[in-house]
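Down below is the structure, laid out as structure tokens.
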Amino acid sequence: MDWRSTLQLDDLNLPIRLHMKIIGEKINGTLGPVKKAIAERDANFIRFLAQQQIDAGVGWLDIHAGTQADKEIKDLVWLVETVQEMTKVPLCLDSTNPEVLAAALKVIHQPPLINSISGEVERLEHILSLAAEHGCQVIALAMDGRGIPSSVLGRMDVIRNIITETRRCGISDEMIYIDPLILTIATNIDSGMISLQTMRMVKAEYPNVHLTCAISNISFGLPSRSLINSTFLTLAIAAGLDSAILDPLDRYLRKALLASELLLGRDRHCLNYTQAYRSGLFGRSDPIN
């Protein structure tokens, strides 16, 4: 297939060092073109997706097979081997199945970020043991066997239980990325505020723990999603978010990220912002005076 035409390309390759770490979301088997590439073992397309995200400055490449249980082990292992043949960028193994993760860990070259654990007892126990054994960082979802709590306090109860277990397993707080779970605001107008307040409470109670989330969840079902996503990203960074699962090729998000880090004092001498401007990331705008 003509895989170059399946995505809208950015030709920008900005050597910018951001405070926030980006987890590139595009190698995801639930997406049509990626699902087809996995089935056909189209390594060129997978490497193309990886290289695009690497050029955009990701800290990790999320690797999600998204296939049926009987195929997930072979598919995730193939994806890992395909991507790490062409890059040393760390991988984020995206699966809730401990057997699948264990198989991928046998072939991976460096400790990955594991996405994800949660407060569900069986999932927590099995995946935490793998993370501790292999020295992996983990994403922890603010949910348990009863689902996603509807309140900030309910999510904090789950998070406290998870942190208790990670510490018991010898996994330091610095190795944990808490995902407060972003739900679409189209079905609950308070979703954004619940997530933001959870982030603030996590950072206040566990200052060494990291925060991450899937930014695009907030806008599902609404028009002009990039506008909503980029605005929410700015608010989340101010609330303590220091990592995010997102599309690194989305210009709205990249501009919002640069401006947010600038305004929060994280862009020394405004170099990242002005370099991005001069490279054309912002499009037509007023000149720098």
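So what is the orientation-averaged projected area of the range 18-247, using the convex hull of its C-alpha atoms, in nm²? Spell out each step's value before the answer.
On the way: hull surface 47.5 nm².
With the hull built on Cα positions only, its mean projection is 11.9 nm².
With N set to the residue count of the range 110-160, report its C-alpha Rg divided by 2.2 N^0.38 Å to two decimal places. Mind showing how you got there, number by number?
Details: Rg = 11.7 Å, N = 51, 2.2 N^0.38 = 9.8 Å.
Normalised Cα radius of gyration, the range 110-160: 1.19.
In which sequence would PHE282, PHE45 go, from the one with the fewest C-beta neighbours within 10 Å to the one with the most? Could the numbers behind the result be given before it?
Details: PHE282 16, PHE45 23.
So the residues, fewest neighbours to most, are PHE282, PHE45.
For the pair VAL121 and SER279, how long in nm is the line joining their label points, each one 7 Å along Cα→Cβ?
5.0 nm
Find out how many positive minus negative residues lie around ILE159, taking Lys and Arg as positive, Asp and Glu as negative, among other residues whose Cβ is under 12 Å from that of ILE159.
Values: positive: ARG155, ARG160, LYS203; negative: ASP144, ASP157, GLU165, ASP173, ASP179, GLU205.
My count for the surroundings of ILE159 gives -3.
If packing is taken as the average number of other Cβ atoms within 10 Å across a peptide's residues, how do 64-74, 254-264 rank, most packed first?
Working: 64-74: 16.0, 254-264: 19.5.
Highest mean packing first, the order is 254-264, 64-74.
For LYS106, list the lysines whose Cα falls under 27 Å from its own Cα; do not include residues on the same chain fewer than 8 positions away.
Cross-link targets: LYS21, LYS26, LYS35, LYS36, LYS71, LYS74, LYS88.
Calculate the FRET efficiency for ALA102 and LYS71 from the Cβ-Cβ distance with a Förster distance of 22 Å, rounded to the nearest 0.05.
On the way: r = 16 Å, r/R0 = 0.74.
Plugging the Cβ-Cβ distance into 1/(1 + (r/R0)^6) gives 0.85.
Relative to the present Cα-Cα distance, how much length would full extension add between ARG251 and GLU174 at 0.36 nm per residue of separation? Present the calculation step by step, with values, prior to reporting the outcome.
Numbers: separation 77, 0.36 × 77 = 27.72 nm, distance 2.99 nm.
Extra length from ARG251 to GLU174 when fully extended: 24.7 nm.
How much net charge surrounds SER118 when only other residues with a Cβ under 14 Å from its Cβ are counted (Lys, Arg +1; Asp, Glu -1)? Working shown, then result.
On the way: positive: ARG123, ARG146, ARG155, ARG160; negative: ASP94, GLU120, GLU122, GLU125, ASP144, ASP157, GLU165, ASP179.
Around SER118, the surrounding residues sum to -4.
Could you tally the net charge around ASP75, taking each other residue with its Cβ under 14 Å from the Cβ of ASP75, Lys/Arg +1 and Asp/Glu -1?
Numbers: positive: LYS35, LYS36, ARG41, LYS71, LYS74; negative: GLU40, ASP42, ASP70, GLU72, GLU81, ASP94, GLU99.
In short, -2.
Could I have the simple spin-label model distance between SER151 and LEU264, label points 7 Å from Cα toward Cβ, reported in nm to one decimal?
The two pseudo-label positions are separated by 2.8 nm.
Find which of LEU153, SER195, ALA37 sits farthest along the positive direction of the dipole of the range 18-247, computed with +1 on the beta-carbon of Lys and Arg, -1 on that of Asp and Glu, about the Cα centre.
Comparing the listed Cα positions along the dipole, SER195 ranks first.
For PHE220 and GLN110, compute 0.36 nm times the residue count separating them, minus their Cα-Cα distance, and round to one decimal in nm. Intermediate results must be reported in sequence, preceding the final value.
Numbers: separation 110, 0.36 × 110 = 39.60 nm, distance 3.38 nm.
36.2 nm is the gain from fully extending PHE220 to GLN110.
For the ranges 122-128, 242-248, what's the packing order if you count other beta-carbon atoms within 10 Å of each residue, average per peptide, and put the highest first?
On the way: 122-128: 18.0, 242-248: 22.6.
Output ranking for 122-128, 242-248: 242-248, 122-128.
For the pair THR231 and THR87, what calculated FRET efficiency results from E = 1/(1 + (r/R0)^6), where r is the Cβ-Cβ distance and R0 = 25 Å, to the nearest 0.05? Intermediate values should be presented prior to the final figure.
On the way: r = 31 Å, r/R0 = 1.26.
With a Förster radius of 25 Å, E is 0.20.
Compare the peptides 222-230, 25-33 by average per-residue count of other Cβ atoms within 10 angstrom and give them in order, highest first. Write out the running numbers ahead of the final one.
On the way: 222-230: 15.6, 25-33: 17.9.
Result, highest mean first: 25-33, 222-230.
So how strong a dipole does the chain carry about its Cα centre when Lys and Arg Cβ are +1 and Asp and Glu Cβ are -1, to the nearest 20 debye?
About 660 debye.
Rounded to whole Å, give me the distance from the Cα center of the range 216-234 to that of the range 155-181.
27 Å
Along the Cα→Cβ direction, 7 angstrom out, place labels at THR30 and LEU271. What is the inter-label distance in nm?
Using points 7 Å along Cα→Cβ, the separation is 3.9 nm.
If each Cα of the range 239-284 is one equal point scatterer, what is log10 of I(q)/I(0) from the Debye formula at q = 0.14, 0.30, 0.33 Å⁻¹?
Rounded to two decimals, the profile gives -0.34, -1.20, -1.26.
Quick note: the coordinates plus some simple rules give every number you see, no bench work behind them. Computed from a prediction, not measured in an experiment: that's the story for all the values here. For neighbour counting, all protein chains shown are included, and Cβ atoms are generated from backbone atoms with ideal geometry for every residue, glycine included.
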